[in-house]
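Undergrad: Structure below; questions to follow.
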Amino acid sequence: MDVNRIKEFAARDQFANLIGAVVETVSDREVVCTLDINEKHLNAGGVVQGGVIFTLADFALALACNADDLSAGNGAISLSQSGSIIFFRPARGGRLTARTSLLQKGRQISVYRMTVTDHQGAAVAEMTANACRVTRSPGP
């Protein structure tokens, strides 16, 4: 696995970078991403906006489902096909961590579970998502 290629890929994710998502670890078993919460992540109720939590989980998914193809440099990319998230408790601050688990990997469709925890290790949300592998078309 080429961790440098995966981190370069992550660095090009403009939205994940805008919210402050960080790649912590990438391995054959899992991807771990974190986000330090600040005021820009809070909704009107004073808790972390659900979209921020979804974005962190989706960012971890993107890295996990593309790791093999990025390492191989074969021109394929996997994109989210569908995703479902369940929020268990509100997150108020500290650091959020998203960890991936591969549930099923096929030639074109893979299924992952992303668990998002707060700074105390309590589960905040769980996302299950399908990713579809496609061939990249030449472009800019």
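Undergrad: Arrange the following residues from fewest to most other Cβ atoms within 10 Å of their Cβ: Met1, Met127, Met114.
TA: Details: Met1 13, Met127 23, Met114 27.
Going from least to most buried by this count: Met1, Met127, Met114.
Undergrad: Over the alpha carbons of the range 1-96, what is the largest minus smallest coordinate on each principal axis, giving the biggest first in Å?
TA: Computed over the range 1-96, the largest-to-smallest principal extents equal 45, 24, 23 Å.
Undergrad: Given the C-alpha atoms of the range 1-51, compute the convex hull and give its volume per residue in Å³. Could the numbers behind the result be given before it?
TA: Numbers: hull volume 4.1 nm³, N = 51.
It is 80 Å³ per residue.
Undergrad: Let me ask another. Only loop residues by DSSP count here, and only those with at most 16 other Cβ atoms within 10 Å; note down the trypsin sites (Lys or Arg not before Pro) in the range 1-55 that meet that. Before the final figure, lay out each step's value.
TA: Details: sites: Arg5, Lys7, Arg12, Arg29, Lys40; in loops: Arg12, Arg29.
Listed in order of number, the matching sites are Arg12, Arg29.
Undergrad: Using alpha carbon centroids, what distance separates the range 78-132 and the range 1-73, in Å?
TA: The distance from the Cα centre of the range 78-132 to that of the range 1-73 comes to 11 Å.
Undergrad: In degrees between 0 and 90, to the nearest 10, how far off the longest principal axis of the chain does helix 50-72 point, with axes built from Cα atoms?
TA: Tilt of helix 50-72: around 20 degrees.
Undergrad: Could you list Ile37, Ile53, Ile109 so that the one with the fewest beta carbons within 10 Å of its beta carbon is first and the one with the most is last?
TA: Numbers: Ile37 20, Ile53 24, Ile109 14.
In order of increasing Cβ crowding within 10 Å: Ile109, Ile37, Ile53.
Undergrad: Divide, for the range 51-138, the radius of gyration over alpha carbons by 2.2 N^0.38 Å, where N is the residue count.
TA: 1.15
Undergrad: Would you please give the FRET efficiency between Thr135 and Gln49, computed as 1/(1 + (r/R0)^6) with r the Cβ-Cβ distance and R0 = 41 Å, to the nearest 0.05?
TA: Working: r = 35 Å, r/R0 = 0.84.
Efficiency, rounded to the nearest 0.05: 0.75.
Undergrad: The range 106-136: which trypsin sites (Lys or Arg not before Pro) are DSSP loop and have at most 14 other beta-carbon atoms within 10 angstrom? Walk me through the numbers on the way to the answer.
TA: Values: sites: Arg107, Arg113, Arg133, Arg136; in loops: Arg107, Arg136.
Here the trypsin sites (Lys or Arg not before Pro) that fit, given the DSSP loop and packing criteria, are Arg107, Arg136.
Rule-based calculations on the coordinates, nothing more; no lab input. Keep in mind it's a predicted model, so treat the numbers as computed, not measured. Glycine also receives a Cβ, built like all others from the backbone with ideal geometry; neighbour counts cover every protein chain displayed.
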